[in-house]
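Visitor: Take a look at the following structure, please.
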Amino acid sequence: MALSDDLTGFFSDFAVSATAGGTTGDVILNQPSSIAFDGQVIFTDFVAVAKVSDFGSLVAGDAIAVNSVNYVVRDNQADLDNLTCEISLSKV
């Protein structure tokens, strides 16, 4: 079975629950990386990997709760396969 047939296995071990609007689904939350400029931290970035079918329509400024923690979407980019997306988040 190809990964594109069923993404359940991809999310089964490391996923946490996320809710945005009326949609609840699984995401893999990657903990923060700091974005620095000239030696100063500008912001700390979280990235959630999700199914495009669940969260592909989120845009900058949208609210999402991941594992009961509130975030705001900074950016949302579909991966090359257009099955998953990487959602850049800022903690509220």
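Here, each number is a calculation from the coordinates, and none is a lab measurement. What you see is a predicted model, and the numbers here were worked out from it, not measured in a lab. In this analysis, Cβ positions are derived from the backbone assuming ideal geometry, glycine residues included, and neighbour counts consider all displayed protein chains.
Visitor: Can you give me the relative contact order of region 32-74 as a percent, contacts being Cα pairs under 8 Å and 6 or more apart?
Guide: 23
Visitor: Using a simple charge model, +1 on the beta-carbon of Lys and Arg, -1 on the beta-carbon of Asp and Glu, nothing else, what dipole does region 3-91 show about its Cα centre, in debye to the nearest 20?
Guide: Charge dipole of region 3-91: 340 debye, to the nearest 20.
Visitor: Which whole-number percent gives the relative contact order of the chain, counting Cα pairs below 8 Å spaced six or more residues apart?
Guide: Answer for the chain is 24 percent.
Visitor: In whole Hz, with x marking every Gly and Pro, tabulate ³J(HN,Hα) for region 25-30 from phi via Karplus 6.51 cos²θ - 1.76 cosθ + 1.60, θ = phi - 60°.
Guide: x, 8, 9, 9, 8, 8
Visitor: So what is the 222 nm mean residue ellipticity for the chain from helices alone, if each DSSP H run of at least 4 adds -39500 (n - 2.57) and you divide by all residues, rounding to the nearest 500 deg cm²/dmol? Walk me through the numbers before you get to the answer.
Guide: Values: 2 runs with 8 residues, N = 92.
After summing the helix terms and dividing by residue count, I get -1000 deg cm²/dmol.
Visitor: How many nm is it between the label spots at residue 40 and residue 69, if each spot is 7 Å from the Cα in line with the beta carbon?
Guide: 2.5
Visitor: With label points built 7 Å along Cα→Cβ from the Cα atoms of residue 14 and residue 79, find their separation and express it in nm.
Guide: Inter-label distance under the simple model: 1.0 nm.
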